[in-house]
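Below you'll find the structure, written out as C-alpha cells, and then a few comments.
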Amino acid sequence: MGKTITEKILSAHLGKEVSAGELIEVKVDVALGNDITSPLAIVEFEKLGVKSLFDPDKVVLVLDHFVPNKDVRSAEQCKFVRQFAKKYGVKNFFDVGQMGIEHALLPEQGLVLTGDIIIGADSHTCTYGALGAFSTGVGSTDLAAVWATGEIWLKVPQTIKFVCSGKLNPWVGGKDLILHTIGDIGVDGANYMAMEFTGEVIPKLTMADRFTMSNMAIEAGGKAGIIAPDEITLEYVKPRAKREWRMYSSDSDAEYVESREYDCSQIEPQVAFPHLPSNVKPISQVGQVEIDQAVIGSCTNGRIEDLRLAARVLKGKKVHKDVRLIIIPGTQQIYLQAVKEGLVEIFIEAGGAISTPTCGPCLGGYMGILAKGERCIATTNRNFVGRMGHKESEVYLANPAITAASAIAGRIAPVE
Amino acid sequence: MKLKGNVFKFGDDISTDLIAPGRYFHLRSNLQELAKHVMEDADPDFYSKIKPGDFIVAGKNFGLGSSREHAPTIIKLAGISGVIASSFARIFFRNAINVGLPVIECDTTDIEQGDEIEVDLEKGCLTNLTKDTKLTFSMLPRVMTNILQDGGLIEHIAKYGDFRLD
C-alpha cells in the first residue's frame with residue numbers, strides 16, 4: 001500500500017515507515033510562537049528548568065497579534081517575549097518594523113520549507129501545508145515541550161483527498177475553493193485529519209491562493225491542509241531557502257479515508273454567513289446584506305496578490321459613505337511592494353485606511369472592533385459569535401475582490 | 001480519578017472565541033480574572049453559577065477555532081472539573097489534556113442541564129445520578145492518560161524528560 005504525502009514526511013523525519021493511526025514522537029524543523037501564545041509557553045518552559053532551547057535557530061517568535069502594542073498589557077507581554085528571545089538567543093525574532101503576520105512572514109522569509117515538519121502555537125500554522133510541508137497548530141504548553149525537547153508526539157493523521165477539477169470562474173480563487181469545501185464538509189468535517197488538495201485546478205493556483213486554502217483547513221477541523229509541491233512551489237521556495245528542502249507527493253495507491261470531487265466550474269465567489277465558516281452561500285444568493293465595515297488582510301488573505309485583487313476592484317472608485325474599509329498588508333515586504341505598485345495610493349484615494357501588519361481585527365483584538373449590531377465583510381478566517389467585537393456583531397467571510405466590491409456598494413456585492 | 005458535580009449544558013460547535021473572547025485578551029496575563037468571563041457570550045452569568053466540581057456538557061466539536069490554551073485553562077480555573085462532549089476539536093482536546101483538564105467524549109444527548117453526574121476516568125464510566133443511568137466512554141490514548149495523571153504535560157516532561165507513548 002502506498003503512502004500519502006503526510007505519511008511520507010512524518011516517516012522521513014522518523015527514519016522509519018509509519019502509517020495513519022500510529023502514535024509517534026517526531027523531531028520538528030521549526031517551532032513557532034506569537035505574542036499571545038508565547039508568554040504562556042515561556043512560563044511553562046521555565047517551569048521545566050532546562051537551560052536552553054533545543055535549537056535556538058529552529059525557534060521562530062513573531063509579535064503580530066497586538067503590535068504595535070495595543071495597550072499596556074500587550075506592551076508587557078511583548079516585552080516578556082522580547083526578553084525571552086534575547087536570553088535564549090533566538091535570532092528569528094520579529095518585532096515591529098520587521099514583523100509581519102506570522103503565516104505570511106515565515107514562508108516569505110524562507111523559514112519554512114517544502115518537506116518540513118512545523119509546529120506552531122497558532123491554529124493557522126496549517127498554512128505551510130501549501131508548501132508541501134506537514135504543519136499543524138498546537139497550544140502553548142505543547143510549544144513549551146517542543147522548545148525543551150525538539151519533539152512533539154502526534155497521531156499520524158488519516159487524509160481526506162479533495163479533487164478540484166474544471167476551470168475557475170472570474171473572481172474565484174483559493175478563498176472560494178476552501179469556503180466551498182468547508183461548506184461541504186462542515187466545521188468538523190476533517191477533525192483530526194489531513195486535508196489534501198489535488199486535481200487539475202490546484203497546479204494552476206498561485207502560492208497565495210494555495211496558502212489561503214491550507215490556512216483554512218483548521219476551519220474544517222483539519223490537522224493539516226497539504227498540497228503536493230510542484231514547479232510553482234519551487235519557484236517560490238528556491239530564492240528564499242537557506243537550507244535543504246525535500247519534495248514528497250502521495251503515491252497513486254495511497255490510502256485515503258475519503259475522496260471528494262468538486263467541479264470548480266460550478267463554484268461562484270463564496271460568502272460565509274455568521275456564525276460559522278461553513279455557513280456559505282454563493283454570491284448570487286446573498287440577498288441584501290448591508291455592511292458597516294470591510295477588512296482586507298489577515299494570515300488568510302493579506303498577501304500581495306490579495307491586495308492587487310482588491311486594488312483592481314477599488315481603482316478609481318470610492319468606498320461607500322457608510323462603510324469603513326480597513327486594509328492590512330500581511331508583512332512589511334508586502335506593504336512596501338503595495339506602495340511601489342501604487343496599490344496604497346489606490347486604496348487611500350478610494351477612502352480606505354491602511355494599517356501596518358497585525359492580526360488586529362480578525363480576532364477582535366483592535367484596529368477595527370465592531371459595535372453591537374454592526375456587520376463586517378472580511379477576508380479573514382472566522383466568523384464565530386463575538387469574533388470581531390460585540391457578541392451581537394456579525395462577520396461575513398469572503399475573498400478580497402468581493403470584500404472590496406462590497407465596500408464600494410455598501411452591501412455584500414459581486415464585482416461589477 | 002472520580003469526578004462529581006452538576007451539569008451545565010451547551011450546544012454544538014462551541015468555539016474558543018465563545019469560551020475565551022478575544023476582546024478580553026488584555027487579561028491574558030491574569031488568568032484568574034480572565035476566568036470570570038468564561039463562556040459569557042453563551043451565558044452571561046455562567047461564572048457566578050459554577051460550583052467547584054461542576055461539568056460542562058456539550059454537543060459536537062467543542063472548542064473549535066483558535067489554539068488559545070487560555071480556553072481550557074480558564075474553564076479549569078473557573079472550577080469546572082471536566083468537559084463532556086460528543087466530540088472535540090483537535091487542538092482544544094490536546095490543550096485540555098496538557099493543562100490537566102479532563103475531557104470525555106461520549107454521547108451527551110440524554111444529559112440535561114442541572115443533572116448530577118459522576119465520572120470515573122479509570123473505568124470509563126459516567127453515572128447520571130439524577131436520571132439513574134450509566135454511560136461508558138472509550139479510554140484516552142495511553143500518552144494522554146499519562147499526561148493527565150501527572151497533572152499536565154510540563155509535569156509529565158519534568159518527570160520523564162520525554163513523552164511516554166506507551
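Averaged over peptide B:69-82, the number of partner chain Cβ atoms lying within 10 Å of each residue's Cβ comes to 2. In this structure, the amide hydrogen of A:Leu370, modeled 1.01 Å from its nitrogen in the peptide plane, lies closer than 5 angstrom to those of A:Gly389, A:His390, counting only residues at least 5 positions away or on a different chain. Per-residue extension of 0.36 nm, minus the Cα-Cα distance of A:Met247 and A:Tyr192, leaves a gain of 17.4 nm for this segment. The mean number of partner chain beta-carbon atoms within 10 angstrom of a residue's beta-carbon across peptide A:41-54 is 2.
Estimate for me the total accessible surface buried between chains A and B (protein heavy atoms, probe 1.4 Å, no ligands or nucleic acids), in Å² to the nearest 100. Buried area between the two chains comes out at roughly 4100 Å². Placing unit charges on each Cβ (+1 for Lys and Arg, -1 for Asp and Glu) gives segment A:5-261 a dipole about its Cα centre, and among A:Tyr248, A:Ser140, A:Val72 the Cα reaching farthest toward its positive end belongs to A:Val72. Between amide H atoms placed 1.01 Å from N, distances below 5 Å from A:Val138 occur with A:Gly120, A:Ala121, A:Asp122, all of them 5 or more places distant or on a separate chain. With the simple spin-label model, which puts each label point 7 Å out from Cα in the Cβ direction, the B:Lys51 to A:Lys51 separation comes to 5.2 nm.
Sequence-ordered 3J(HN,Hα) estimates for segment B:96-102 from the Karplus curve with 6.51, -1.76 and 1.60 and θ = phi - 60° stand at 4, 4, 4, 9, x, 9, x Hz, glycine and proline given as x. Straight-distance candidates among the lysines for linking to A:Lys70, with alpha-carbon spacing under 16 Å and chain neighbours fewer than 8 residues away dropped: A:Lys79.
Work out the FRET efficiency for A:Ser284 and B:Asp110 from their Cβ-Cβ distance, taking R0 = 45 Å, and round it to the nearest 0.05. E between A:Ser284 and B:Asp110, to the nearest 0.05, is 0.60. When +1 charges are put on Lys and Arg Cβ atoms and -1 charges on Asp and Glu Cβ atoms, the dipole computed for segment A:5-261 relative to its Cα centre reaches about 880 debye.
Exceeding 27 Å between C-alpha atoms, which entries from my cross-link table qualify? They are A:Lys391/B:Lys134; A:Lys281/B:Lys60; A:Lys175/A:Lys315.
Where the Cα-Cα span goes over 27 Å, the pairs concerned are A:Lys391/B:Lys134.
For the protein assembly as shown, the fraction of alpha-carbon pairs lying more than 30 Å apart is 48 percent, rounded to a whole number.
Qualifying GluC sites (Glu not before Pro) in segment A:171-265, where qualification requires a DSSP coil assignment and no more than 10 other C-beta atoms within 10 Å, comprise A:Glu244. Computed from backbone phi, the HN-Hα couplings of segment A:172-180 come to 10, x, x, 4, 6, 5, 6, 5, 4 Hz, rounded to whole numbers (Karplus: 6.51 cos²θ - 1.76 cosθ + 1.60, θ = phi - 60°; Gly and Pro given as x). Normalised by the number of residues in segment A:5-261, the mean separation of alpha-carbon contacts (under 8 Å, six or more apart) gives a relative contact order of 24 percent.
Starting from the Cα of A:Lys204, move 7 Å in the Cα-to-Cβ direction to define the label point; list residues of segment A:260-287 whose amide nitrogen is under 18 Å from there. Counting backbone N atoms under 18 Å from the label point, the list is A:261-270.
The values are calculated or read from the model by the stated rules, or taken from the named source; none is laboratory data. Here the structure is a predicted model, which is why all the values come from computation and not from measurement. Neighbour counts run over all protein chains shown; Cβ positions are idealised from the backbone, glycine included. Please note that ligands, DNA and RNA were not included when accessible areas were found on the heavy atoms of the full protein model with its side chains. Shrake-Rupley method; radii C 1.70, N 1.55, O 1.52, S 1.80 Å.
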